[in-house]
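**Q** Can you keep this structure in mind? I'll have questions shortly.
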Amino acid sequence: MSTRFQTKRVSLAMLLLVVGSVPLAQAQPSDGGDADGWRFQATPYVWMSGMDGQVRPFRNAPMANVDKSFSELMDSLDAAAFITGTARRGNFVLQADVSHASTSDSTPLPMGIAANVNVRQTSATVTAGYAWMTTERTGIDLMGGLRYWDINAAVNVAGVVSARSDSSFVDPIAAVRWRQSLAPRWSSVAYVDVGGFGVGSDATWQVLALANYQASDQLFLSMGYRHLRVDYRDRGKRLDLAMSGPMLGVTYRFGAGL
């Protein structure tokens with residue numbers, strides 16, 4: 001199997017797994033409840049992202065150009081789970097996000113053999129911050145934290161070649177989130193973060209805009225759009241990607257502070 005073929009197949013699988021690694025911004029909290037009590041939120045979500053950029057998954061492999069829609073990336077997905085949680089007490093904000101996904105793909109080659117590609121990704125993000133400005137209708141959060149990535153990819157052609165690429169790194173991130181009440185049941189969220197700074201990746205940044213609808217006292221529905229860019233380089237490997245697409249989420253909130 002050629003090096004170029006390995007690069008393109010592994011690159012496609014790695015790209016799909018990057019999605020979902022940044023937490024979905026939460027809905028506007030209510031004004032009632034105990035001001036000193038904890039407020040919690042849990043949000044499972046999906047991100048229907050397309051991707052474009054360049055990837056070199058192995059040292060000395062050729063650079064692969066990527067331009068894929070969400071439907072194209074879904075073809076190789078085996079399983080995925082994305083969830084974020086938020087805790088607030090007074091002006092203190094704590095947020096965590098965990099994502100896991102795995103893909104497998106098999107492509108026929110000449111002479112009746114097949115190339116099997118398996119990729120597994122896990123990421124975890126933890127941020128903490130301060131509600132710098134909070135009014136009846138507006139809230140601004142300033143946050144900082146860490147994002148951990150673990151990406152494992154394997155290519156196997158029985159009796160011909162077997163190769164593996166493992167990458168783990170941690171990015172420091174700084175974030176700002178603006179929450180605005182629009183109507184009795186509607187609110188909006190704008191979120192920006194930047195990170196990497198050469199510590200894990202060379203650079204990463206994200207922009208997110210959401211509209212939230214309050215379906216009940218404890219349930220919110222969110223929809224919006226997200227753009228994420230990451231540039232990671234390590235010992236010949238390269239991951240330089242832009243990912244954009246609509247997002248959907250459901251938030252359940254609870255706690256004495258509501």
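The values are calculated or read from the model by the stated rules, or taken from the named source; none is laboratory data. Source: prediction; values computed, not measured. Heads up, the Cβs are rebuilt from the backbone with ideal geometry, glycines too, and the neighbour counts pull from every protein chain shown. Accessible surface is based on the protein model in full, side chains and every heavy atom, while ligands, DNA and RNA are left aside. Shrake-Rupley method; radii C 1.70, N 1.55, O 1.52, S 1.80 Å.
**Q** Yes or no: the stretch 239-251 includes at least one residue that is of a type outside the set (S, T, N, Q), modelled with pLDDT of 90 or more, within 27 Å of Glu136 (Cβ to Cβ) and in a strand (DSSP E or B).
**A** yes
**Q** Among Val22, Val18, which is under 19 Å from Ala128 (Cα atoms) and modelled with pLDDT under 70?
**A** Details: Val18 fails: under 19 Å from Ala128 (Cα atoms).
Residue meeting the stated conditions: Val22.
**Q** Any residue that is open to solvent by 50 Å² or more (accessible area, probe 1.4 Å), touching a residue at least 24 places away in the same chain (Cβ under 8 Å), part of a loop (DSSP other than H, G, I, E, B) and within 15 Å of Ser187 (Cα to Cα) - is there at least one of those in the stretch 216-224?
**A** Scanning the stretch 216-224, I find at least one residue that is open to solvent by 50 Å² or more (accessible area, probe 1.4 Å), touching a residue at least 24 places away in the same chain (Cβ under 8 Å), part of a loop (DSSP other than H, G, I, E, B) and within 15 Å of Ser187 (Cα to Cα), so the answer is yes.
**Q** Check Arg229 against each of (1) open to solvent by 50 Å² or more (accessible area, probe 1.4 Å); (2) more than 17 Å from the chain's Cα centre (by Cα) and name the one condition it does not meet.
**A** With respect to (1) open to solvent by 50 Å² or more (accessible area, probe 1.4 Å); (2) more than 17 Å from the chain's Cα centre (by Cα), Arg229 is out only on (2).
**Q** Still on this structure, please answer the following. Of the residues in the stretch 174-187, how many are more than 19 Å from Leu228 (Cα to Cα) and either part of a strand (DSSP E or B) or small (Gly, Ala, Ser) (or both)? Working first, answer last.
**A** Initial filter on the stretch 174-187 (more than 19 Å from Leu228 (Cα to Cα)): 179-187.
Among the residues that remain, those that are also either part of a strand (DSSP E or B) or small (Gly, Ala, Ser) (or both) are: 179-183, 186-187.
Number of matching residues: 7.
**Q** To continue, here is another question. May I ask you to list the residues in the stretch 159-179 that are farther than 16 Å from Val207 by Cβ, in contact (Cβ under 8 Å) with a residue 40 or more places away in the chain and open to solvent by less than 70 Å² (accessible area, probe 1.4 Å)? Walk me through how you get there before you give the answer.
**A** Of all residues in the stretch 159-179, those farther than 16 Å from Val207 by Cβ come to 159-172.
With in contact (Cβ under 8 Å) with a residue 40 or more places away in the chain added as a condition, the list becomes 159-161, 163, 165, 167, 169.
If the condition is that a residue be farther than 16 Å from Val207 by Cβ, in contact (Cβ under 8 Å) with a residue 40 or more places away in the chain and open to solvent by less than 70 Å² (accessible area, probe 1.4 Å), then Val161, Ala163, Ser165, Ser167, Phe169 are the ones that fit.
**Q** Applying the selection to the stretch 115-152, what residues are in contact with a helix residue (DSSP H, G or I) (Cβ under 8 Å, 6 or more places away or on another chain) and either outside any strand (DSSP E or B) or hydrophobic (A, V, I, L, M, F, W, C) (or both)?
**A** Ala115, Val117, Val119, Ile151
**Q** Still on this structure, I have one more. Taking into account only those residues within the stretch 189-200 that are free of Cβ contacts under 8 Å to residues at least 40 places away in the same chain and within 16 Å of Ser167 (Cα to Cα), which is least open to solvent (accessible area, probe 1.4 Å)?
**A** Going through the qualifying residues, I end up with Gly196.
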